[in-house]
Amino acid sequence: MLFPRLAFHAHALVAAGRGDEGGACADELLALWLEEGGGTSLASFWLPDVTFALTGVDRGVELVDALSRV
């Protein structure tokens, strides 16, 4: 599945100080999850990784917004 891979990649990029790239990866994940998947896949074990990535670049509110649309 693509979502866990994107979430971990975003997390790793932000942790490595590459916030712009990590944020872009998180953007891709959220777009795929909400638009193509309709938010129907279970956001389980990959959610902490994308949370770390987005909060690490001060964009945690975007995740809250995405989760409210599911």
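The values are calculated or read from the model by the stated rules, or taken from the named source; none is laboratory data. Not measured: the values here are computed from a predicted model. Here the Cβ is made from the backbone with ideal geometry for all residues, glycine too, and neighbour counts use every protein chain on show. What goes into the accessible areas is simple: the full protein's heavy atoms, side chains included, and nothing from ligands, DNA or RNA. Shrake-Rupley method; radii C 1.70, N 1.55, O 1.52, S 1.80 Å.
Using a 1.4 Å probe over the heavy atoms of the protein chains, calculate the carbon and sulfur portion of the accessible area of the chain as a whole percent.
Details: 2370 of 4070 Å².
In the chain, the share of accessible area belonging to carbon and sulfur is 58 percent.
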Checklist outcome for this item: Note on the chain: alpha-carbon gyration tensor, axes a ≥ b ≥ c; rule is a/c under 1.5 for rounded, else prolate if a/b larger than b/c, else oblate; result prolate
Checklist entry - Given the Cα-Cα distance of Asp20 and Glu35 and 0.36 nm per residue of separation, how much length would full extension add, in nm? => result 3.2 nm
Item to check | Qualifying chymotrypsin sites (Phe, Trp or Tyr not before Pro) in the chain, DSSP loop, other Cβ atoms within 10 Å at most 15 | outcome: Phe45
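Over the chain, with the other protein chains present, what is the accessible area per residue in square angstrom, probe 1.4 angstrom?
On the way: 4070 Å² over 70 residues.
Normalised by residue count, the accessible surface of the chain is 58 Å².
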Checklist entry - If you rank Arg59, Arg18, Arg5, Arg69 by how much accessible surface each has, with a 1.4 Å probe, what is the order from largest down? => result Arg5, Arg69, Arg18, Arg59
